[in-house]
Amino acid sequence: MKILGFLGKQKKFEADVLNGEMEYSSYYKDSFKRFRKNKMAMCCLVVIILLILLAVFAPLIAPYDPTYQDYASVLQGPSAKHLLGADEFGRDILSRIIYGTRVSLSIGIFAQVLASIIGITLGSLAGYFGGWVDTTISRIMEVFAAFPDLIFAMAIMTFMGQGVVNLYIAMGLLTWVRTARLIRGSVMQLKEKEYVEASKASGGTSFRIIVKHLIPNCLSTIIVLITLGIPNAIMYEASLSFLGLGIQPPTPSWGNMISAAQTFIGFLPLYSIMPGIAIMITVIAFNIFGDGLRDALDPKLRT
């Protein structure tokens with residue numbers, strides 16, 4: 001009888017998994033169809049793809065090396081030689097903006113990867129196990145959330161020192177709390193579902209249940225969080241670089257370009273305006289794209 005009971009639970013579990021996979025497939029197909037109807041989000045997706053291509057093929061697209069100094073063109077306005085002018089060292093502004101795309105996108109993406117790894121791990125552990133594990137992780141989240149973001153980032157960069165890797169770490173530590181909180185809430189709801197109970201009955205370990213069943217069911221939330229987190233990281237990087245704590249010259253960064261252009265804004269406004277426009281376009285594109293993904297993937301927003 002025990003064997004028959006176990007076999008019955010195993011068949012129920014297999015049926016639940018098969019049915020769940022069919023539902024997931026239908027869910028994402030339906031979500032993609034709904035996302036395609038959002039013209040603004042689709043336009044922003046095109047902009048993001050173009051930005052990625054610009055970053056990847058920067059050496060082929062940029063007219064000059066971003067660190068090349070042409071002293072005959074110092075603080076020159078727009079011309080056929082320098083379409084957006086040249087900075088105080090004669091470096092081509094357009095080339096530096098193009099290469100700055102690499103810095104901003106790489107920091108935004110890698111920071112969100114780090115934040116997602118930390119947030120998903122701690123959030124799923126807190127939501128699944130509860131008890132003292134949940135209490136401990138929640139207190140850690142409260143400590144990190146208590147500090148103002150930019151001041152916390154400045155403290156991290158001052159402590160660890162300047163550098164791209166340290167900037168990745170600082171941006172990742174800034175944004176993991178929101179991911180952990182949302183994953184924790186999702187896992188607390190999902191762990192009561194029938195397929196989780198079936199997995200436990202069939203002998204599944206806690207690690208297998210979290211990795212195989214709970215985290216995949218939070219995938220839509222994770223995608224939206226990453227998409228909306230990238231522009232935040234780009235803004236923080238630009239702020240830190242503007243303050244001299246982020247990317248250091250001569251490496252081109254939109255933030256340090258705006259900072260260097262302050263002195264010359266009166267007679268060469270494009271020097272500061274164009275990096276600002278680049279930040280604005282990138283942030284708006286990711287925000288609208290993220291909003292479109294959220295509307296498409298959130299079942300509560302279905303019409």
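Throughout, read-outs are computed from the coordinates displayed, never taken from laboratory work. Keep in mind it's a predicted model, so treat the numbers as computed, not measured. Because the Cβ atoms are built from the backbone with ideal geometry, glycine has one as well, and the counts that use them run over all protein chains shown.
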The chain, dipole about Cα centre (Lys/Arg Cβ +1, Asp/Glu Cβ -1), debye to the nearest 20: 1140 debye
Whole-number percent relative contact order across the chain, with pairs defined as alpha carbons under 8 Å at least 6 apart: 24 percent
Using alpha-carbon coordinates, inclination of helix 270-297 to the longest axis of the chain, degrees: 10 degrees
Angle in degrees between helix 164-190 and the longest Cα principal axis of the chain, rounded to the nearest 10: 30 degrees
13 Å beta-carbon shell around Phe110, net charge (K/R +1, D/E -1): 0
The range 196-205 - phi-based ³J(HN,Hα) in whole Hz, Karplus 6.51/-1.76/1.60, Gly and Pro as x: 6, 4, 5, 5, 4, 5, 8, x, x, 7
Options Met157, Ser206, Val224, ranked by Cα towards positive dipole end of the range 136-225, top entry (Cβ charges): Ser206
The chain: angle of helix 131-145 to the longest principal axis, Cα-based, in degrees nearest 10: 10 degrees
Peptides 130-136, 90-96 ordered by average Cβ neighbours within 10 Å, highest first: 90-96, 130-136
